[in-house]
Amino acid sequence: MHVNGVESACSGFRYSGFIRHSSFVIRHSYRAFSLVELIGVLAVTAILAGVLVPALIRQMDRIAGDQESAALKSFSDSLQQSIMRKRYVPSATDWATNIATELGVDVSNVTTNARRQPRFFLVDPALRIGNSSSGLPYTQANWVTTNLSGSLCTNNSALVPALSPRVMMLSSIGRVVPGSITNGIPSSANFNAIWDWSDAGGALPATSFAWTGWPHSDDLKVQRVSLSPLFVRLLLTTNISDRAYFSIDSTNWSDRYAVTNYVVASLGRDGYFIKNSVLFLYQQGRTNIDSQQILTRDTSFVYDQNVWRSSVTGGSFLAGSLDLGSVVDKYLDAPENTNAFNTLARTGATQQSVVVSNMVAYMTAYTNWAAHNVVGSSSWSQDAYWDAVNSVQQALKLQVQKQYQKGGSQPGIDDFTPNPTDCPP
């Protein structure tokens, strides 16, 4: 009975529903957000977005503004390089084409910025290049037809490289600029207002344009370009009665023989040329080049004794020649001996200039004497020309001696010994 009971019990346990329903089941527990919690999360997200999104937008605008400023600066540099390379200053109709060619990009990349806003090219209405009545475009010819002396503008009778040589490039990285702004020449008041406007932000340029909807000036980008440094002055003169020939940016045969391609004693050439222009100076036969000069700064040349010189007392530009002009210039710039008789304060002329003028007189007299004697002769005649050479030679010697030689006991009157002076700081 006991065993059977146990067996019955075991048997009952084995087949009971307990075994069937006591299998282990893994269940996941989920707890949903309440409406209050959901509203709280959304509120925090909205607050963070309100704080971060404007800052992110401002940062993106700042980056876009810096990129646009850099692009306009690159266009300015490319425009100036194009002008020096082509000897051509474009107008508002072809400015983008010339910049695009110089950069090797599509024109659309120049006329439109990354924000799909147009860029504009503004020209100072007072700009004059070539002469006092011409604007853009400007082409520097090679002495064949026009612009014989480069740019010849005058301002109150003074020769200047160009009158108001200013252009601007303008664009926006945000709102559309006023419709009154177009490529070309605005009014003088509007151009000057934008040119003088401070890029620091805040107020917009005080123009007649309506800046409708513009809360501030951060979106406006302006690149100013002054063309004045692109022009250098060239002065050509001659001391001979015959013509002295030259050409600009060309060695074409007809250019050298053109009737306008020369300098005569009564008609020097004085004008402004685009920097890096090439000046060719010819020997008197007009077939051989005396020298070739790249115009990088204001300069002058004189044709004297059948060679081109940097000054009337300077050497020629032929290879191996000595340029005495630079030596004379340094001599003239040296400080005076204040004890000398010829001083600027006493006679109105520096002692150096007196020596140089006597030296020129001596060289002229010697040239005249040599011209009246036969080359190769064993001796030259002591004629009137020789007497003139001897006279000016003695005068030159005396002026040189008076710079330093002690001649008496009265300082500043007949004692020309220099006083020691401190070096300038």
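The values are calculated or read from the model by the stated rules, or taken from the named source; none is laboratory data. None of the values given here were measured: they were computed from a predicted structure. Using ideal geometry, Cβ is built from the backbone for each residue, glycine included, and neighbour counts are taken over all protein chains shown.
Just one of the numbered conditions (1) more than 25 Å from Ile294 (Cα to Cα); (2) surrounded by fewer than 20 Cβ atoms within 10 Å (Cβ to Cβ) is not true of Leu170: (2). Whether a residue is modelled with pLDDT of 80 or more and either under 24 Å from Asp304 (Cβ atoms) or in a helix (DSSP H, G or I) (or both) was assessed, and Val389 passes this test.
Here's the yes/no breakdown for (1) hydrophobic (A, V, I, L, M, F, W, C); (2) surrounded by 15 or more Cβ atoms within 10 Å (Cβ to Cβ):
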| residue | (1), (2) |
| --- | --- |
| Phe75 | yes, yes |
| Gln80 | no, yes |
| Gly104 | no, no |
| Ala114 | yes, no |
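Within the range 91-115, which residues are in contact (Cβ under 8 Å) with a residue 60 or more places away in the chain and over 22 Å from Pro165 (Cα atoms)? Once the filter is applied, which keeps residues that are in contact (Cβ under 8 Å) with a residue 60 or more places away in the chain and over 22 Å from Pro165 (Cα atoms), the range 91-115 yields only Asn113. Inside the range 66-89, can you point out the residues that are among the charged types (D, E, K, R), farther than 18 Å from Ala114 by Cβ and in a helix (DSSP H, G or I)? Answer for the range 66-89, where residues must be among the charged types (D, E, K, R), farther than 18 Å from Ala114 by Cβ and in a helix (DSSP H, G or I): Asp77, Arg85, Lys86. The residues in the range 192-206 that are of a type outside the set (Gly, Ala, Ser) and closer than 18 Å to Gly65 by Cα can be counted, and the count is 5. For the range 200-228, the set of residues classified as surrounded by 13 or more Cβ atoms within 10 Å (Cβ to Cβ) and part of a loop (DSSP other than H, G, I, E, B) consists of Leu204, Pro205, Ala206, Thr207, Phe209, Trp211, Trp214, Ser217, Asp218, Asp219, Leu227, listed by residue number. Take the residues of the range 287-298 that are at pLDDT below 90 and β-branched (Val, Ile, Thr): which is farthest from Gly271 (Cα to Cα)? By that ranking, first place goes to Thr287. What about Thr182, is it surrounded by fewer than 19 Cβ atoms within 10 Å (Cβ to Cβ), farther than 30 Å from Asn252 by Cα and assigned by TED's automatic domain parsing to the domain that holds Lys86? Criteria met by Thr182. Consider the range 302-331 and keep the residues that are in a helix (DSSP H, G or I) and modelled with pLDDT under 80. The one that is nearest to Thr237 (Cα to Cα) is Gly325. Screening the range 56-72 for residues that are over 18 Å from Asp106 (Cβ atoms), surrounded by 13 or more Cβ atoms within 10 Å (Cβ to Cβ) and of a type outside the set (A, V, I, L, M, F, W, C) and picking the one that is modelled with the highest pLDDT gives Ser69.
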